[in-house]
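Comments concern the structure below.
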Amino acid sequence: MRPDPLLPILAFDTSAAHCAAALLWDRGLILRDEAMAKGQAERLVPMLEEVLAEGGIGWRDLRAIAVGTGPGNFTGVRIAVAAARGLALGLGIPAVGVTRLEALAHGLPRPVTVVEDARRGELYVQTFTADGAGPAHLAERVVVATAATGSAAGDAALPPAVPLAEAIARIGAVRALTPQPRPAPFYLRGADAAPPSDPPPVILP
């Protein structure tokens, strides 16, 4: 029997060209997902406040925070992780990191391989079986021997079982029941050489 999740939990992700949030609690689920190539740092907290207000929940009612840790946009990942750490510290609740790859695999039959476009002619690849997750890695090409999902999984790709922010919330709500390391950006390669025009938040050790 799976343990009851730690609710309410607020989850969010800015690892791609979007700002996404989910509030999961015993009365249901509230989702937001807005496409945006930039501006996530300014939009994230107002979006979270809107989600909480819609649910009739205050910040102090939360039991946990979950955050998408990438891989993805270098600056976007750091924005979300820094926000999660700061909120968790201020509220005195746990923050849980969930990778984009495991969120995409959530709820799909095992085995399944997530194949995401990493740009520059590369792919993010990770296989999930009933026994757990294999190593995540970068590849220039991949021959998949299982069912597949993700933006680069091809025409036969399985659609995600749930929206990304919801998957992050559901995974995080179970993980938060046990001690977790502080969320950290999940990078499979270094940042591009050119720095962003707006420096990303500093992630303290």
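For the reader, a short list of remarks on this structure follows.
- Computed over neighbours whose Cβ is under 15 Å from that of ASP131, the net charge equals 0, Lys and Arg +1, Asp and Glu -1.
- Among beta bridges that DSSP assigns inside segment 79-148, antiparallel share in %, nearest 5: 85 percent
- Between segment 1-24 and segment 40-104, the alpha-carbon center distance in angstrom: 8 Å
- All alpha carbon pair distances within segment 76-145 were sorted into 5 Å bins beginning at 0; the resulting P(r) in whole percents reads 3, 14, 20, 18, 15, 13, 10, 4, 1, 0.
- When shorter helices are ignored and each DSSP H run of at least 4 residues is given -39500 (n - 2.57), the per-residue value for the chain at 222 nm works out to -8000 deg cm²/dmol.
- Along segment 154-164 the Karplus relation, 6.51 cos²θ - 1.76 cosθ + 1.60 evaluated at θ = phi - 60°, assigns HN-Hα couplings of x, 5, 8, 4, 6, x, x, 6, 9, x, 4 Hz to successive residues, with x for each Gly and Pro.
- Where trypsin sites (Lys or Arg not before Pro) in DSSP loops with at most 15 other Cβ within 10 Å are excluded, longest remaining stretch of the chain: 39-119
- Label point at ARG110 placed 7 Å out along Cα→Cβ; residues across segment 126-148 whose backbone nitrogen lies under 11 Å: 128-134
- Relative contact order, percent, the chain [alpha-carbon distance under 8 Å, six or more residues apart]: 25 percent
- Site pair ALA53 and THR178 shows an inter-label distance of 3.9 nm when each label is modelled 7 Å from Cα along Cα→Cβ.
- Selection from ALA82, VAL112, ALA153 lying farthest towards where the dipole of segment 79-157 points positive, charges on Cβ: ALA82
- For segment 119-135, putting each phi into the Karplus relation 6.51 cos²θ - 1.76 cosθ + 1.60 with θ = phi - 60° gives couplings of 6, 6, x, 10, 10, 8, 9, 7, 9, 10, 10, 5, 8, x, 9, x, x Hz, in residue order, rounded to whole numbers and with x for Gly and Pro.
- Note on LEU29 and ARG141: the extension gain reaches 36.6 nm, defined as 0.36 nm multiplied by sequence separation minus the Cα-Cα distance.
- Rg/Rh (Cα only; Kirkwood hydrodynamic radius) as it applies to segment 10-166: 0.99
Every number here is computed from the coordinates shown, using simple stated rules; none is lab data. Just so you know, these numbers come straight off a predicted model, no measurement behind them. No Cβ is skipped: glycine too gets one built from the backbone with ideal geometry, and neighbour counts run over all protein chains shown.
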